[in-house]
1. Cut-off under 14 Å on the C-alpha distance; same-chain residues fewer than 8 positions from K215 excluded. Which aspartates and glutamates are left, in chain and number order?
2. Starting from the Cα gyration tensor of the stretch 1-64, take the square roots of the eigenvalues, sort them a ≥ b ≥ c, and report rounded, prolate or oblate (rounded when a/c is under 1.5, otherwise prolate if a/b is larger than b/c, else oblate).
3. Read phi for every residue in the stretch 69-84 and hand back ³J(HN,Hα) as whole Hz from Karplus 6.51 cos²θ - 1.76 cosθ + 1.60, θ = phi - 60°, with x for Gly and Pro.
4. Give me the lysines in straight-line cross-link reach of K74: C-alpha distance below 27 Å, same-chain residues under 8 apart excluded.
5. Only bridges with both residues in the stretch 2-237 count here: give the DSSP antiparallel percent, nearest 5.
6. Of all DSSP beta bridges located in the stretch 97-240, what percent are antiparallel, nearest 5?
7. Long-range amide H contacts for K123: which residues qualify at under 5 Å (H placed 1.01 Å from N, peptide plane, sequence gap of 5 or more or a different chain)?
8. I'd like the distance between the alpha-carbon centres of the stretch 88-106 and the stretch 129-173, rounded to an integer number of Å.
Amino acid sequence: MKVRILYLYPDYMNLYGDNGNVRIMERRLSDQGFDVETVSGTITDSRISIKDVDFVYMGSGFESNRNMAADHLKRSLKELTQAIDDGVPMLFTGNSYDILGKGIITADFSLVEGLGIFDYSFKDTGRKRYTGDVILEDPDTKERYVGFINRAGIPEQSEGFVFDVVKVIGDVPVEKDGVRKNNLLGISLIGPVLVKNPGLADSFVRKICEREGVKYKQVVYPRTERSHEKTLKALLETEI
């Protein structure tokens, strides 16, 4: 059975090796017996088709690229909204999930219109970047995620954000992070998030199997599991 991954703006939104998340999904879905096809959508496309895809991914990039992607993706907003409503699994990492809100106030005080899927807005400072290693916790499942945040701005309000910020080793001034709607997840962590957090990768694979009517096969990835536990332990024990 074939499944299709849609990778949004791989040439503009891959600042921190975010394409590793796509490779992880390709590997894990192949291990489930799927024939995996990855297609990309980018600025040069007149419109990005989001029909007949099984997983959507968008990574992080320079703020100028993020703003350009936000404007371009509006052309496909109707299809994107329908796919979200239909429960298509999606992951937006780093500053790509900024564009899912109402808008972004840039460093020069101009407004970049967002997609309006959520009610939040982001504001870029222009003077500094907020960086740090973080631990996030899902208050419902108690699952913890580890990673690094490097962003130019923060949300103007935190209402509706899903993860509790358990610990920050750095200067990221937020107590909540991430958004969820159906099977869409937006999270500020950058880089190969699914490598560092195998439980998160597994949750997306399970959702895809369920949607395709395929029984999920338990596959063990001991190295990634050990790496996650080691990183989590090290962050918890670091004095700040």
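Please treat every number below as a calculation from the coordinates, not as lab data. Please read all numbers here as calculations on a predicted model, not as lab measurements. No Cβ is skipped: glycine too gets one built from the backbone with ideal geometry, and neighbour counts run over all protein chains shown.
1. Correct list for K215: D31, D202.
2. oblate
3. Values, residue by residue: 5, 4, 5, 6, 5, 4, 5, 10, 4, 4, 5, 4, 4, 5, 5, 5 Hz.
4. In chain and number order, the partners are K51, K102, K123, K176, K181, K207.
5. If we restrict to bridges inside the stretch 2-237, about 55 percent are antiparallel.
6. Roughly 90 percent of the DSSP beta bridges within the stretch 97-240 come out antiparallel.
7. I105, I154, E156
8. First find each Cα centre; the distance between them is then 15 Å.
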